[in-house]
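Accompanying notes for the structure given below.
The values are calculated or read from the model by the stated rules, or taken from the named source; none is laboratory data. A quick note: this is a predicted structure, and the numbers were derived from the prediction, not measured. Virtual Cβ from ideal backbone geometry, glycine too; neighbours counted across all protein chains shown.
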Amino acid sequence: MKTREKSPGLLRHYLRILRFLLVIAAIPLLLLAGCQSQFIYFPRPYAAGTTAEWRKLTGGKPVDFTTSQGKQRAFLQGNLKSPRNLWIFCGGNGTVALDWSEWIEEHAPKEDAWLLVDFPGYGDCEGSPSPGRIRKSLETVVPIAAREIGWSNPPDPARLRFFGHSLGSAACLIAASEFKIQRGVLISPFTSTMEMSGVLTGLPLGFLIWHRFDNSARLAELAARGPGEVIILHGTADEAIPVRMSRTLAEEQKQVVRLTEIPGGRHNTIQETHGAQLAEALRECGEGRVRAGSR
């Protein structure tokens, strides 16, 4: 009888312990869900005088526009009078667009114009980033930039290209989806932020990610639209995004993706250590139309 009388009390005790353990286990999940933007984006502003110095060095033109996030600014440089192509460039999560301006000025094809785009909250842009807000910025600024270089609106997709690094690769593939761009160069892309959550935590937490960038899906869309070519460069010693993710992207879309692995290449230095190889990829991608039969 005494054992039976204690059983409900023991059960309640075990339930309290179980609830406590569940709460402890839920805390990191709640933190990931609520603060994930702080793990994805690392915005920083431009120092005073940066834009003026950039204009002096490149002869470029700021492109100001407005979205729901407030005032935004992108940057046009290169051949702005009679460009062969217009490239859309987006940098990684810890960079601003003008970090790449000098490299592009020195190494990229001179026949083309270059639109360097910052995410909301980065550089001279107000607001905060998300996949939808980045899409809106690109959707707004690309037609404005096309008009600035004397093109019709909407711009001809066959004369658009993309060039992105890391998180900027995901942004560029959003632009490709929006404007039906079929050619571009990517450095160190991931498959998706859902899969990246597993790389960072070692746990299958992709279901918690609401900043959903899905490069696998965007490349599948690109391939389904028709002939195209996407050149990926990824370092084998990348400490941020494992090269196996680019291998997966190349394997999934063999008809449009060509992967070049950089032996010993790191995440943020390929443009420095293998600049000639990257410049050659841009040159090749910039030449001509999409190759017939590349599918």
Original post:
Here are some residues: Thr51, Thr3. Which one is at pLDDT 95 or above, assigned to a helix (DSSP H, G or I) and not small (Gly, Ala, Ser)?
Top reply: Thr51
**OP:** Tell me which of these Val63 doesn't satisfy, since it passes every other one: (1) of a type outside the set (Phe, Trp, Tyr); (2) touching a strand residue (DSSP E or B) at 6+ places or on another chain (Cβ under 8 Å); (3) more than 17 Å from Ile181 (Cα to Cα); (4) in a helix (DSSP H, G or I).
**Re:** (4)
**OP:** Select from the stretch 243-284 the residues that are more than 14 Å from His165 (Cα to Cα) and of a type in the set (Asp, Glu) and list them in ascending order.
**Re:** Glu251, Glu252, Glu261, Glu280, Glu284
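Only one of Ile181, Ile144, Ile149 is among the β-branched types (Val, Ile, Thr), surrounded by fewer than 24 Cβ atoms within 10 Å (Cβ to Cβ), in contact with a Lys or Arg (Cβ under 9 Å, 6 or more places away or on another chain) and modelled with pLDDT of 95 or more. Can you tell me which?
Numbers: Ile181 fails: surrounded by fewer than 24 Cβ atoms within 10 Å (Cβ to Cβ); Ile144 fails: in contact with a Lys or Arg (Cβ under 9 Å, 6 or more places away or on another chain).
Answer to the check: Ile149.
Give the number of residues within the stretch 258-270 that are of a type in the set (Gly, Ala, Ser) and either at pLDDT below 95 or crowded, with 16+ Cβ neighbours inside 10 Å (or both). Let's see the steps before the verdict.
Step one: list which residues in the stretch 258-270 are of a type in the set (Gly, Ala, Ser), which gives 264-265.
Checking the rest, the ones that are also either at pLDDT below 95 or crowded, with 16+ Cβ neighbours inside 10 Å (or both) come to 265.
Going through the stretch 258-270 one residue at a time, the tally reaches 1.
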Subject >> Checklist (1) touching a strand residue (DSSP E or B) at 6+ places or on another chain (Cβ under 8 Å); (2) closer than 13 Å to Ala74 by Cβ applied to Ala170, failing item >> reply: (2)
Subject >> Subset of the stretch 84-121 (residues that are within 13 Å of Arg44 (Cβ to Cβ) and among the small types (Gly, Ala, Ser)) >> reply: Gly91, Gly92, Gly94, Ala97, Gly121
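Is it true that some residue in the stretch 100-117 is part of a strand (DSSP E or B) and among the β-branched types (Val, Ile, Thr)? It would help to see each step written out before you state the result.
Step one: filter the stretch 100-117 for residues part of a strand (DSSP E or B), giving 113-117.
Now narrow it down to the ones that are among the β-branched types (Val, Ile, Thr): 117.
Among the residues of the stretch 100-117, at least one is part of a strand (DSSP E or B) and among the β-branched types (Val, Ile, Thr), which makes the answer yes.
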Subject >> Residues (touching a Gly at 6+ places or on another chain (Cβ under 9 Å) and among the small types (Gly, Ala, Ser)) located in the stretch 218-236 >> reply: Gly228, Gly235
**OP:** May I ask you to list the residues in the stretch 153-190 that are farther than 15 Å from Glu221 by Cα and in a loop (DSSP other than H, G, I, E, B)?
**Re:** Asn153, Pro154, Pro155, Asp156, Ser166, Ser188, Pro189, Phe190
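Going by the conditions given, is Gln255 modelled with pLDDT of 95 or more, among the polar types (S, T, N, Q), more than 13 Å from Ser188 (Cβ to Cβ) and assigned to a loop (DSSP other than H, G, I, E, B)?
Working: modelled with pLDDT of 95 or more: yes; among the polar types (S, T, N, Q): yes; more than 13 Å from Ser188 (Cβ to Cβ): yes; assigned to a loop (DSSP other than H, G, I, E, B): yes.
Yes.
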